[in-house]
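The values are calculated or read from the model by the stated rules, or taken from the named source; none is laboratory data. Predicted model only: the values in this text are computed from it and were never measured. We place every Cβ from the backbone using ideal geometry, glycine too, and count neighbours over all the protein chains shown.
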Amino acid sequence: MSTMRVQLLYFDDCPHWALMEERLQEALGLSGLPQTVERCRIETPDEADEYRFAGSPSILLDGRDPFASSPIEVGLTCRMYSTPDGAAGAPTVAQLVGAVSEAAKAELT
């Protein structure tokens, strides 16, 4: 299996990006997919447009945002996720495991 590209997009003042990184690392380990997480600090509106940045923190798995809603609003904003416990600044580990698993399946097809 090829290596999935895993990117964590964030901006410096985001209070949730470190939690997202911690949960993402745990989810990758639980999925049996030890990966390097590439940190991408978004600093300008142009970078937000380039990465299709839906707010901080966001992840891209092989260039795709598994939590994207349609239409995607792009910008230097905080991002909230719908979790079983309500709105939160990062998805749960279980949600991330699901996203990683789906991306890995898509990679095989």
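Listing for the model above:
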read-out: Complete set of residues in the range 41-51 that are at pLDDT 95 or above and not in a loop (DSSP other than H, G, I, E, B); value: ARG41
read-out: Sole exception among (1) under 16 Å from TYR10 (Cα atoms); (2) more than 15 Å from the chain's Cα centre (by Cα); (3) in a helix (DSSP H, G or I) for ALA106, by number; value: (1)
read-out: Complete set of residues in the range 11-42 that are of a type outside the set (Ser, Thr, Tyr) and loosely packed, with under 13 Cβ neighbours inside 10 Å; value: ASP12, ASP13, PRO15, GLU22, GLY32, PRO34, GLU38, ARG39
read-out: Options SER56, SER101; residue that is surrounded by 13 or more Cβ atoms within 10 Å (Cβ to Cβ) and touching a strand residue (DSSP E or B) at 6+ places or on another chain (Cβ under 7 Å); value: SER56
read-out: The range 81-97 - residue that is within 12 Å of the chain's Cα centre (by Cα) and part of a helix (DSSP H, G or I) and, of those, nearest to GLU22 (Cα to Cα); value: VAL93
read-out: Condition met for ARG23 (assigned to a helix (DSSP H, G or I) and touching a residue at least 24 places away in the same chain (Cβ under 8 Å)); value: yes
read-out: Residues satisfying the stated conditions in the range 19-37, i.e. farther than 15 Å from ALA94 by Cβ and either in contact with a helix residue (DSSP H, G or I) (Cβ under 6 Å, 6 or more places away or on another chain) or modelled with pLDDT under 95 (or both); value: GLY32, LEU33, PRO34, GLN35, THR36, VAL37
read-out: Near pairs, Cβ below 8 angstrom, 6+ apart or cross-chain, from the range 37-53 (of a type in the set (Phe, Trp, Tyr)) to any residue that is in a helix (DSSP H, G or I); value: PHE53/GLU47
read-out: Enumeration of residues in the range 52-61 that are within 16 Å of ASP12 (Cα to Cα) and either at pLDDT below 95 or in a loop (DSSP other than H, G, I, E, B) (or both); value: PHE53, ALA54, GLY55, PRO57
read-out: Search result, residues across the range 62-80 that are farther than 17 Å from SER101 by Cβ and not in a loop (DSSP other than H, G, I, E, B); value: CYS78
